[in-house]
Amino acid sequence: MKTHRISTTISQKHWELLKKQAEKYETQQRALELALESLENSSRQIPELTLEEKYWMRLRRARSLVIIEKTTFKTLTETANIELLSELFIRNKIMEYTIELYFQKSFEECSLKEVVNGLVVNLKITKLVDTIDYTDCSSHYKLIITHDLGFTFAKMLSTWIDNMFKTYGVRVESIVSVKTIFIKILKTN
């Protein structure tokens with residue numbers, strides 16, 4: 001085996017660690033070789049973050065979220081001025097902002113598929129809904145959203161989503177019930 005000589009300086013802290021590991025592994029050379037191999041192996045084991053995980057990390061940095069217990073949120077939506085709340089959501093373009101944050105580009109630059117995916121990921125991550133599924137039906141996307149936050153929340157969420165797609169420039173058709181929202185997003189107007 002071919003060997004190579006190295007010469008370097010290290011901090012006192014790392015010198016103590018090297019001495020400790022050299023005692024354990026008999027030589028400084030062996031301790032350093034094992035440390036390098038460990039670094040190589042661990043770098044292969046660290047998986048790439050999913051888009052959802054990257055989005056969550058962006059949301060954490062945004063410092064614009066407040067965590068609230070779900071039944072408290074339900075009570076707030078049932079007793080709040082829904083018109084005012086919806087107006088604020090629509091005026092501040094909250095849905096559009098979260099999609100821009102997710103894809104790191106302007107809402108207008110996103111494809112319709114990206115807008116749908118961004119909405120789905122956002123609702124999954126924020127846990128506002130229990131389930132959200134969509135299918136591509138060639139002429140339209142079909143979203144099915146289930147939740148347990150009541151009819152008021154369903155109407156409010158449907159309004160927010162409908163307005164977001166209106167802003168994007170596509171037509172939607174929504175059917176809202178107490179626990180389910182069905183949304184048809186037309187690909188052409």
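The values are calculated or read from the model by the stated rules, or taken from the named source; none is laboratory data. For clarity, every value in this text was computed on a predicted model and none was experimentally measured. FYI the Cβ positions are ideal-geometry reconstructions off the backbone, even for glycines, and counts take in every protein chain you see. Surface areas here come from the heavy atoms of the whole protein model, side chains and all, with no ligands, DNA or RNA. Shrake-Rupley method; radii C 1.70, N 1.55, O 1.52, S 1.80 Å.
With respect to the stated conditions, Leu36 is part of a helix (DSSP H, G or I), modelled with pLDDT of 85 or more and open to solvent by 80 Å² or more (accessible area, probe 1.4 Å).
Output the residues belonging to region 68-96 that are more than 18 Å from Lys179 (Cβ to Cβ) and charged (D, E, K, R).
From region 68-96, those more than 18 Å from Lys179 (Cβ to Cβ) are 68-69, 72, 76, 79-81, 83-96; that's our starting set.
Those that are more than 18 Å from Lys179 (Cβ to Cβ) and charged (D, E, K, R): Glu69, Glu83, Glu87, Arg91, Lys93, Glu96.
Have a look at Glu96, Glu173 and point out the one that is among the acidic types (Asp, Glu) and modelled with pLDDT of 95 or more.
Numbers: Glu96 fails: modelled with pLDDT of 95 or more.
On inspection, the qualifying residue turns out to be Glu173.
Of note, Ser138 satisfies the criterion of being more than 23 Å from the chain's Cα centre (by Cα), exposed (fewer than 13 other Cβ atoms within 10 Å of the Cβ) and not acidic (Asp, Glu).
For region 161-188, a tally of residues being under 21 Å from Leu85 (Cβ atoms) and out of contact with any helix residue (DSSP H, G or I) (no Cβ under 9 Å at 6 or more places or on another chain) returns 2. Screening Ile67 against (1) closer than 17 Å to Leu157 by Cα; (2) among the β-branched types (Val, Ile, Thr); (3) out of contact with any His (no Cβ under 6 Å at 6 or more places or on another chain) leaves a single unmet condition, (1).
A single entry from Ile94, Ile125 fulfils the requirement of being touching a helix residue (DSSP H, G or I) at 6+ places or on another chain (Cβ under 7 Å) and either surrounded by 14 or more Cβ atoms within 10 Å (Cβ to Cβ) or among the β-branched types (Val, Ile, Thr) (or both): Ile125. State yes or no: is Trp15 in contact (Cβ under 8 Å) with a residue 40 or more places away in the chain and open to solvent by 80 Å² or more (accessible area, probe 1.4 Å)? No; evaluated as a whole, the condition is false for this residue.
Just checking, does region 20-30 include any residue being open to solvent by 100 Å² or more (accessible area, probe 1.4 Å), within 30 Å of Lys187 (Cβ to Cβ), out of contact with any strand residue (DSSP E or B) (no Cβ under 7 Å at 6 or more places or on another chain) and part of a helix (DSSP H, G or I)? No, there is no match, as no residue in region 20-30 is open to solvent by 100 Å² or more (accessible area, probe 1.4 Å), within 30 Å of Lys187 (Cβ to Cβ), out of contact with any strand residue (DSSP E or B) (no Cβ under 7 Å at 6 or more places or on another chain) and part of a helix (DSSP H, G or I). The selection criterion, being over 24 Å from Leu85 (Cα atoms), of a type outside the set (A, V, I, L, M, F, W, C) and either open to solvent by less than 10 Å² (accessible area, probe 1.4 Å) or in the same structural domain as Glu109 (by the TED database) (or both), does not hold for Ser158. Per the listing Phe103, Phe73, the residue uniquely of a type in the set (Phe, Trp, Tyr), under 19 Å from the mean Cα position of the chain (by Cα) and open to solvent by less than 90 Å² (accessible area, probe 1.4 Å) is Phe103.
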